[in-house]
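Worksheet for the structure shown next.
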């Protein structure tokens, strides 16, 4: 299907002591949000989340939960609430030159940042230029994804102010997904230039955007709090709940208990095994196709897994079909490719090493491999609802059967993301949720230019050239053919062992309405209502 129009399957599980588990499908762009049909008295809303933010600066943040930031920031463009159509936001209108090299944006007037600074062309130029070379810093993980790089000849060459409320972006080359990039949660949002000056170009602990909610506080290890921004420009869509509290609850059972006890109103990362508990306590479960990939990366710089034979043997040791069914049941499907099933050209028939423990045992023995180290995370994720620790232990069991002892080193997600860059590992569990509904967002993870996002340390000039070609090729069969070649290369070289595609499992109290999760796994808190 056309990735730019990707819409997810959204279902609500009505929970009651006498009710059976059922799913009512709901999909399609432009469906009416429940909260738009009416309003409720202003009340607080508490969200129990599995992962604490690494930071709240969209140029520096790189991990879940981006939804916290999305309530405070906005970009030039935004995604439709129900699919990946791109719509105006801080830019009222835009045009693209015939050659795709010039983007002209007409900016919305009368918008203010949370610190009172006026939104204008200067603010846009400042937000973008800080992420362009040579200003870009190594900790801006999404900068090359959103704005490209000089070394690959892609993305934005320069940005200029052509009027108080007009900016022009000059591209190095045409880019099919660029307008989707400008609607992403990471990298693309516009931040207050005044705040950048005040906090030395780092807003991780001092977020300041134009969104419907403004920052109150961040108690590390406990919560982030925000409240209605009374000067928000979109008066027709002012928040219905305030304050909003994001409470960090890493343990899945503790999140479910907090929902059952009325301590929180919404939770994410529900373990499939706990759905019955949610049902018994009168909650409402929410299923959303997450457009995700759950995978394991081989460290291509590892002495062991720089060898394709060793990577193949690892894959042969794992019964993927059995493992996915056991861990995830109906809430995940076996992955056959390195992009989500919802994207074209998903290659269902790619060959991968078949489950063959005898062959794996023989290869590992011949190579002298008896011990390996795995780095993983402890929190549940939308791409892995049972969490990385449980998945790692399952893989550990399979490897033990072929004579390999695997040490598991696990951290909470925030620490894990940092340890990926500092610690040694042979293999590393990871996953990805679509940021923009485009294949490039997944395939680019293995490009040499991806930097810290390329946790396999994979480098292949042939693959890199295809990534650049895919960026500039218009949507259609020719572009699909480029990404199909990329998929085949990944299947051949095995920098990843792809595992599964999952759904996002969450739950709300019966008092909550308007919790609408987009196929890109974000939602707009201003549309949520809560009754007493």
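State whether the residues of the range 152-160 include one that is modelled with pLDDT under 95 and either closer than 25 Å to residue 421 by Cβ or touching a strand residue (DSSP E or B) at 6+ places or on another chain (Cβ under 6 Å) (or both). Scanning the range 152-160, I find at least one residue that is modelled with pLDDT under 95 and either closer than 25 Å to residue 421 by Cβ or touching a strand residue (DSSP E or B) at 6+ places or on another chain (Cβ under 6 Å) (or both), so the answer is yes. Could you count how many residues in the range 449-463 are part of a helix (DSSP H, G or I), modelled with pLDDT of 95 or more and surrounded by 18 or more Cβ atoms within 10 Å (Cβ to Cβ)? Qualifying residue count, the range 449-463: 1. Looking across the range 69-116, the residues that are crowded, with 18+ Cβ neighbours inside 10 Å, farther than 25 Å from residue 54 by Cβ and modelled with pLDDT of 95 or more come down to 86, 91, 94, 103, 105, 107, 108, 111. For the range 213-227, taking the residues that are in contact (Cβ under 8 Å) with a residue 60 or more places away in the chain and in contact with a strand residue (DSSP E or B) (Cβ under 7 Å, 6 or more places away or on another chain), the one that is farthest from residue 514 (Cα to Cα) is identified as 221. Tell me yes or no: at least one residue of the range 481-498 is buried (at least 22 other Cβ atoms within 10 Å of the Cβ), modelled with pLDDT of 95 or more, in contact with a strand residue (DSSP E or B) (Cβ under 8 Å, 6 or more places away or on another chain) and part of a helix (DSSP H, G or I). Taking every residue of the range 481-498 in turn, at least one turns out to be buried (at least 22 other Cβ atoms within 10 Å of the Cβ), modelled with pLDDT of 95 or more, in contact with a strand residue (DSSP E or B) (Cβ under 8 Å, 6 or more places away or on another chain) and part of a helix (DSSP H, G or I). The set of residues from the range 80-115 being farther than 17 Å from residue 184 by Cα, touching a residue at least 40 places away in the same chain (Cβ under 8 Å) and part of a loop (DSSP other than H, G, I, E, B) comprises 99, 100, 101, 108, 109, 110, 111, 113, 114, 115. Somewhere in the range 392-406, is a residue touching a strand residue (DSSP E or B) at 6+ places or on another chain (Cβ under 9 Å) and assigned to a strand (DSSP E or B)? Yes, there is a match, as at least one residue in the range 392-406 is touching a strand residue (DSSP E or B) at 6+ places or on another chain (Cβ under 9 Å) and assigned to a strand (DSSP E or B).
Identify all residues within the range 341-384 that are in contact with a strand residue (DSSP E or B) (Cβ under 6 Å, 6 or more places away or on another chain) and modelled with pLDDT of 90 or more; write none if there are none. Those that are in contact with a strand residue (DSSP E or B) (Cβ under 6 Å, 6 or more places away or on another chain) and modelled with pLDDT of 90 or more: 371, 372, 373, 374, 375, 376, 378, 383, 384.
Test residue 285 against the stated conditions and say whether it is in contact with a helix residue (DSSP H, G or I) (Cβ under 8 Å, 6 or more places away or on another chain), buried (at least 19 other Cβ atoms within 10 Å of the Cβ) and either touching a residue at least 24 places away in the same chain (Cβ under 8 Å) or part of a loop (DSSP other than H, G, I, E, B) (or both). Considered against the rule, which asks whether it is in contact with a helix residue (DSSP H, G or I) (Cβ under 8 Å, 6 or more places away or on another chain), buried (at least 19 other Cβ atoms within 10 Å of the Cβ) and either touching a residue at least 24 places away in the same chain (Cβ under 8 Å) or part of a loop (DSSP other than H, G, I, E, B) (or both), residue 285 comes out as yes.
The values are calculated or read from the model by the stated rules, or taken from the named source; none is laboratory data. If you're wondering where the values come from, they're calculated on a predicted model, not measured in any experiment. Using ideal geometry, Cβ is built from the backbone for each residue, glycine included, and neighbour counts are taken over all protein chains shown.
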